[in-house]
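Contents: one structure, followed by commentary.
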Amino acid sequence: MSVADGGRQWPDEVSVENARATLLQLLARAGVPSDDARQLIGLLEAGALALAHEELSGGRSAAGEKDEPYESGRLDGARDVLEELGAVAERTLVQAVGAAGEQGPAGERPRARRMEVERARVAVTPLYLSFTEASELDPEVTDEVLAAVLGTMSPRQRAGYAGRLTDFAADHQARLERMFAGYGPGSAITMHGRYSLLHSATSIAVLERLAAAPRELREEWDAVELPPAWLDGLSTAWNSPA
């Protein structure tokens with residue numbers, strides 16, 4: 001890629017691989033395992049392709065100023081390119097989540113990796129703080145709770161979990177506001193006991209799973225020996241009309 005060239009100054013294959021290798025080295029110095037780092041980079045690559053596909057799909061039916069046969073041929077060509085772009089995005093995603101293992105023949109789900117837990121933490125924290133304040137209690141079991149939550153999903157589902165959480169919070173905004181006002185930090189409810197989980201950002205993640213996969217969540221919850229009362233308390237607060 002030469003600056004003297006008159007075309008677009010896009011990174012070539014060697015430059016892209018150089019950037020990837022550099023990022024892997026920097027993450028390794030920060031203590032991130034290579035498999036986790038490669039999965040994270042792969043998800044970014046797959047996401048960039050998927051977002052490009054979505055953006056181009058939105059404008060593919062715009063009418064042109066050429067005659068009808070020309071326009072029909074142009075749209076057919078654009079559709080073929082979009083299909084191939086979508087296929088590339090799919091292959092890239094499969095390569096990324098494949099490193100973490102797919103579901104086995106009996107439907108078992110692999111344990112959540114460190115990077116998957118960290119991504120869930122990054123996703124849920126700002127959502128939680130949009131409804132309530134940080135709590136002084138915040139049970140020190142964030143990783144265990146998020147691992148149980150992620151244990152209900154396949155690696156592919158985990159890849160899109162941040163978007164699922166955002167949609168859940170948006171769809172139930174008023175209900176979440178009432179719940180945290182009545183039972184969360186700053187409420188008259190005691191900080192300890194069955195409502196402890198309301199003082200953790202993980203509460204939103206647990207609620208989403210209680211709605212989407214309650215049986216699987218309770219299985220994972222029991223497997224890591226988290227307090228059953230926390231799930232009961234969260235359900236009570238969620239279903240309370242107050």
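A cut-off under 13 angstrom between Cβ atoms defines the neighbours of Ala87, and their net charge, with Lys, Arg +1 and Asp, Glu -1, is -2.
Loop-resident trypsin sites (Lys or Arg not before Pro) (DSSP state other than H, G, I, E or B) in region 6-37 with no more than 14 further Cβ atoms inside 10 Å of their Cβ: Arg8. The value of relative contact order for region 145-242, using C-alpha pairs under 8 Å at least six residues apart, is 40 percent. Counting only protein heavy atoms and using a 1.4 Å probe, the accessible area of Leu51 comes to about 110 Å². To the nearest 10, the accessible area of Phe131 is 40 Å² with a 1.4 Å probe. Here the spin labels are modelled as points 7 Å beyond Cα on the Cα-Cβ line, and at Ala188 and Asn239 they lie 2.3 nm apart. List the residues of region 125-139 whose backbone N lies under 19 Å from a point placed 7 Å from the Cα of Ala30 along the Cα-to-Cβ direction. Inside the label zone: 125-126.
Between Arg111 and Ala162, the FRET efficiency estimated from the beta carbon spacing at R0 = 25 angstrom works out to 0.80. Remark: region 104-213 carries 46 Å² of accessible area per residue (probe radius 1.4 Å; ligands, DNA and RNA excluded). A simple packing score, the average count of other Cβ atoms within 10 Å per residue, orders the peptides 235-241, 206-212 as 206-212, 235-241, with the highest score first. If R0 is 22 Å, what FRET efficiency do you get for Glu219 and Leu129 from their C-beta distance, rounded to 0.05? That pair, Glu219 with Leu129, gives E of 0.15.
The values are calculated or read from the model by the stated rules, or taken from the named source; none is laboratory data. Computed from a predicted model, the values in this text were never measured in an experiment. Backbone-built Cβ (ideal geometry, glycine too); neighbour counts: all protein chains shown. These accessible areas exclude ligands, DNA and RNA; they are computed on the full protein's heavy atoms, side chains included. Shrake-Rupley method; radii C 1.70, N 1.55, O 1.52, S 1.80 Å.
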